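One structure is given below, encoded as structure tokens.
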Amino acid sequence: MRRRIAALQRSAILRQIWVHGPQSRASLARRLKLRPSSVTSLTRELLDTGLLREVGEGRPNGGRPPLLLDVDRAGNYALALTVESRGLTVALVRWDAQVPHRVFEPIRPDENLLPFLQAVTRTCERVLAEAGVGRERVRGVGVGISALVDPAANEAVFSSTLAAVQRLRLDFLAQSLGLPVYLEDIAYMMALGERWFVYPGDHRALVMVYVGGGTCGAILEPWARPHSPRFACEFGHMVVDPDGPPCGCGKRGCLEAYVSERALLVQAEQLFGRRNGVSPTLAAVAEWAKEGDPAARQFIAAAGEYLGVMLANLVNVLAPALVVVGGSLLDTWGSLLWAELERCLQEHALPQLLRQVEVVPARLGEDAALIGCAARVMQAVWESPEAAPERGVLGRAAAAQA
Ligand SMILES: [Zn+2]
């Protein structure tokens with residue numbers, strides 16, 4: 001029981017510093033209503049495990065200036081993986097949201113999962129070796145996948161863009177690397193990234209809408225209630241037209257069959273044809289639109305209209321306070337898409353609900369999912385700082401093997 005309380009107090013210290021910035025031990029004791037002697041011993045443990053560091057002196061309050069403590073943002077890392085229809089990205093992400101090294105491989109899971117898992121493991125080993133960062137500074141592996149995930153089982157359940165992910169588990173990766181692995185829906189990872197790095201002190205629930213290879217989303221409860229439910233949401237499979245085009249999920253007329261990278265690439269080829277034998281990319285369509293091509297402008301506006309209507313429906317159903325829209329389609333079409341999206345949102349959402357919601361593009365841009373994977377690792381360390389890898393079960397097993 002005493003160990004459990006100490007773990008909760010260490011979590012509270014990390015959270016307090018993350019949200020409010022570097023602080024002295026006296027300030028932590030006062031704000032968290034802990035005994036100064038407890039704060040001294042708890043912060044010593046967090047300094048010893050490398051989660052905190054001393055960052056200079058604060059303003060003196062009578063006697064000696066107090067030493068300030070901060071999360072060691074530059075000294076800790078996570079491995080971040082995204083598994084999408086276009087391929088696998090493996091990156092090393094520092095806890096200050098820097099991405100010092102990354103590798104892309106155009107591979108995706110297929111029927112025989114073992115070769116895929118072996119390739120993922122090799123790519124992780126390669127990233128660690130090339131970055132020259134010691135394993136002991138990597139606190140875990142966050143994996144964002146374009147799929148519905150059962151977080152309790154750490155298992156992918158279904159994906160409309162990756163046919164063969166059913167029952168994809170990453171125990172093999174955890175055992176090979178000797179690091180804990182956390183598998184989540186990619187939109188949920190993006191939502192976590194925005195929460196931790198853009199809105200750390202914000203108490204609103206956050207609704208994430210992701211438009212990339214597929215279209216999906218997530219809802220995060222307010223930060224102040226870390227253990228309340230959170231959901232990955234299949235916004236992309238809201239039905240727009242029951243007689244519409246087939247969707248990757250096996251049904252018809254879903255939003256994703258109209259607005260997702262995959263759907264838009266098919267539509268772009270039908271509309272613009274191949275040029276010099278090559279299908280148009282979404283970046284090429286953006287270029288034509290910027291040059292004033294009316295068909296390209298109309299094509300992007302139509303996607304913005306679908307998204308704006310979907311967002312209006314979300315606002316009318318959920319009455320959210322903060323909606324963040326991100327994903328690779330937003331990275332490519334950004335401002336071209338946003339004007340039409342806003343116009344349709346204004347036109348279709350109830351004004352009384354619209355007044356209380358902020359709808360914004362993801363601020364972390366194209367690294368949002370990777371940074372979110374690192375946030376997922378940080379969340380796990382926060383919730384249980386004593387389970388940091390060098391002390392964790394898997395870490396100990398790996399150390400015993402070495
Ligand atoms: Zn669908």
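Are any of the residues in the stretch 169-187 within 14 Å of the ligand (Cβ to nearest atom), over 30 Å from Ala12 (Cα atoms) and surrounded by 19 or more Cβ atoms within 10 Å (Cβ to Cβ)? Within the stretch 169-187, none of the residues are within 14 Å of the ligand (Cβ to nearest atom), over 30 Å from Ala12 (Cα atoms) and surrounded by 19 or more Cβ atoms within 10 Å (Cβ to Cβ).
Tell me which residues, restricted to the stretch 16-63, are touching a residue at least 60 places away in the same chain (Cβ under 8 Å), among the hydrophobic types (A, V, I, L, M, F, W, C) and not in a helix (DSSP H, G or I). Scanning the stretch 16-63 gives a single hit, Leu51.
Before we move on, is Arg376 under 22 Å from Glu221 (Cα atoms), in a helix (DSSP H, G or I) and among the charged types (D, E, K, R)?
Numbers: under 22 Å from Glu221 (Cα atoms): yes; in a helix (DSSP H, G or I): yes; among the charged types (D, E, K, R): yes.
Against the criterion (under 22 Å from Glu221 (Cα atoms), in a helix (DSSP H, G or I) and among the charged types (D, E, K, R)), Arg376 qualifies.
The condition (being more than 21 Å from the chain's Cα centre (by Cα), among the acidic types (Asp, Glu) and either under 20 Å from Ile219 (Cα atoms) or assigned to a helix (DSSP H, G or I) (or both)) is satisfied by just one residue among Glu366, Glu347: Glu347.
Quick check on the stretch 89-122: of everything there that is of a type in the set (Asp, Glu) and more than 17 Å from Leu370 (Cα to Cα), which residue is modelled with the lowest pLDDT?
Residues of the stretch 89-122 of a type in the set (Asp, Glu): 96, 105, 110-111.
Filter once more, keeping what is more than 17 Å from Leu370 (Cα to Cα): 110-111.
Numbers: Asp110: 81, Glu111: 76.
Checking each candidate, the answer is Glu111.
Residues in the stretch 339-353 that are of a type outside the set (Gly, Ala, Ser) and crowded, with 19+ Cβ neighbours inside 10 Å: 4 in all.
Kindly evaluate Asp96 against the criterion of being in a loop (DSSP other than H, G, I, E, B), surrounded by fewer than 20 Cβ atoms within 10 Å (Cβ to Cβ) and in contact with a helix residue (DSSP H, G or I) (Cβ under 7 Å, 6 or more places away or on another chain). For Asp96, the condition - in a loop (DSSP other than H, G, I, E, B), surrounded by fewer than 20 Cβ atoms within 10 Å (Cβ to Cβ) and in contact with a helix residue (DSSP H, G or I) (Cβ under 7 Å, 6 or more places away or on another chain) - is not met.
Scanning the stretch 1-15 for residues that are more than 13 Å from Asp70 (Cα to Cα), part of a helix (DSSP H, G or I) and among the hydrophobic types (A, V, I, L, M, F, W, C) yields Ile5, Ala6, Ala7, Leu8, Ala12.
Quick check on Ala156: is it among the hydrophobic types (A, V, I, L, M, F, W, C), within 16 Å of the ligand (Cβ to nearest atom) and at pLDDT below 90? Judged against the criteria, Ala156 is not a match. Only one entry in Leu168, Leu179 is modelled with pLDDT of 90 or more and farther than 23 Å from Trp18 by Cα, namely Leu179.
Do you know which residues across the stretch 238-279 are polar (S, T, N, Q) and in contact (Cβ under 8 Å) with a residue 24 or more places away in the chain? Once the filter is applied, which keeps residues that are polar (S, T, N, Q) and in contact (Cβ under 8 Å) with a residue 24 or more places away in the chain, the stretch 238-279 yields Ser260, Gln267.
Scanning the stretch 3-15 for any residue that is in contact (Cβ under 8 Å) with a residue 40 or more places away in the chain and under 19 Å from Gly144 (Cα atoms) turns up nothing.
What number of residues within the stretch 1-52 satisfy the criterion of being of a type in the set (Gly, Ala, Ser) and touching a Leu at 6+ places or on another chain (Cβ under 7 Å)?
Filtering the stretch 1-52 down to residues of a type in the set (Gly, Ala, Ser) leaves 6-7, 11-12, 21, 24, 26-27, 29, 37-38, 41, 50.
Retained after the next criterion (residues that are touching a Leu at 6+ places or on another chain (Cβ under 7 Å)): 6, 12, 24.
So the answer is 3.
Report whether or not Glu125 is modelled with pLDDT of 90 or more and either assigned to a helix (DSSP H, G or I) or surrounded by fewer than 17 Cβ atoms within 10 Å (Cβ to Cβ) (or both). Judged against the criteria, Glu125 is a match.
The values are calculated or read from the model by the stated rules, or taken from the named source; none is laboratory data. It should be emphasised that the depicted structure is a prediction, and the values quoted were computed from it without experimental measurement. Glycine also receives a Cβ, built like all others from the backbone with ideal geometry; neighbour counts cover every protein chain displayed.
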